[in-house]
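These notes are about the structure you will find just below.
The values are calculated or read from the model by the stated rules, or taken from the named source; none is laboratory data. Small disclaimer: the values here were computed from a predicted structure and weren't measured. Ideal geometry is used to build each Cβ from the backbone, glycine not excepted, and the neighbour counts take in all protein chains shown. Areas reflect the complete protein model, heavy atoms only, side chains present, ligands, DNA and RNA absent. Shrake-Rupley method; radii C 1.70, N 1.55, O 1.52, S 1.80 Å.
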Amino acid sequence: ESKFPEAVKCYTEALKRGPPKVNQEAYKVYSNRAACYTKLGALPEAVKDADVCIELKPDFAKGYSRKGTAQFFMKEFDKAMETYKLGLEQAGADNEELKAGLQRCIQKINMGNSGMLSEQEQKERQAHAMADPEIQSILSDPVMRQVLQDFQENPKAAQEHMKQPAIMAKIQKLVNAGVVQVR
């Protein structure tokens, strides 16, 4: 029998009684509540608590792990990958939990790019990506629209675009999010 709802209440009460300004260990409470939210399927809440945890203690690996896990379950593999990478930079490159999370993301992204995800998983992944303001911004940028059109119609122009780091980064973001597939 899960006691996660009760745990969320207890952690919330602990934060009321000992908020970050008076409790230097409050980041752990946010981390633990994020874990409970993840277990309950309240993934946006888990991400919010993990963000607060990371803000309070940027070198605490668990904060990145909690956030990456929630993003992974939200099918936001590209964002989870970025979170795990940042965690490895900030909290130590030898953290096994962060390395394993990063590998899971890379595996899912590769599966999506090679057509190995189920149709349902692919649809969920694309729906999440299309709701992402950063993805929307890339797709509504007239320059990027031309670049994407060139990829379909003018391979030589596409190769020229790929020499520009900013465009390459945006294309990689679209590929990792499952919006664009490379064959």
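Scanning region 22-58 for residues that are under 24 Å from GLU89 (Cβ atoms) and polar (S, T, N, Q) turns up GLN24, SER31, ASN32, THR38. For region 21-40, the criterion of being touching a Leu at 6+ places or on another chain (Cβ under 6 Å), open to solvent by 20 Å² or more (accessible area, probe 1.4 Å), touching a residue at least 12 places away in the same chain (Cβ under 8 Å) and closer than 24 Å to LYS99 by Cβ is met by at least one residue. If you go through region 111-129 and keep only what is open to solvent by 90 Å² or more (accessible area, probe 1.4 Å), assigned to a helix (DSSP H, G or I) and closer than 15 Å to ASN176 by Cα, you end up with just LYS123. Could you tell me whether any residue of region 131-146 is within 14 Å of the chain's Cα centre (by Cα) and over 30 Å from ASP59 (Cβ atoms)? Within region 131-146, one or more residues are within 14 Å of the chain's Cα centre (by Cα) and over 30 Å from ASP59 (Cβ atoms). Residues that are small (Gly, Ala, Ser) and touching a Lys or Arg at 6+ places or on another chain (Cβ under 7 Å) do occur in region 167-180, at least one of them.
Annotation: of all residues in region 96-110 being farther than 13 Å from PHE77 by Cα and more than 13 Å from the chain's Cα centre (by Cα), the one that is most open to solvent (accessible area, probe 1.4 Å) is GLU96.
If you go through region 90-102 and keep only what is assigned to a helix (DSSP H, G or I) and either in contact (Cβ under 8 Å) with a residue 40 or more places away in the chain or among the hydrophobic types (A, V, I, L, M, F, W, C) (or both), you end up with ALA91, LEU98, ALA100, LEU102.
Each row is one residue, and each column tells you yes or no for (1) within 29 Å of CYS53 (Cβ to Cβ); (2) of a type in the set (D, E, K, R); (3) touching a residue at least 12 places away in the same chain (Cβ under 8 Å).
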| site | (1), (2), (3) |
| --- | --- |
| ARG66 | yes, yes, yes |
| THR69 | yes, no, yes |
| LEU88 | yes, no, yes |
| ARG104 | yes, yes, yes |
| GLN107 | yes, no, no |
| MET130 | yes, no, yes |
| ILE138 | yes, no, yes |
| ALA169 | yes, no, no |
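Among the residues making up region 83-95, those that are modelled with pLDDT of 95 or more and either open to solvent by 50 Å² or more (accessible area, probe 1.4 Å) or under 15 Å from ALA129 (Cα atoms) (or both) are LYS85, LEU86, GLU89, GLN90. Taken over region 44-73, the residue count meeting the criterion of being surrounded by fewer than 19 Cβ atoms within 10 Å (Cβ to Cβ) and within 20 Å of GLU124 (Cα to Cα) is 3.
The residues on offer are LYS75, LYS62, and the sole one that is outside any helix (DSSP H, G or I) and closer than 27 Å to PRO133 by Cα is LYS75. Evaluate region 155-166: report whether one residue or more is polar (S, T, N, Q), farther than 26 Å from LYS67 by Cβ and open to solvent by 30 Å² or more (accessible area, probe 1.4 Å). Checking region 155-166: at least one residue is polar (S, T, N, Q), farther than 26 Å from LYS67 by Cβ and open to solvent by 30 Å² or more (accessible area, probe 1.4 Å).
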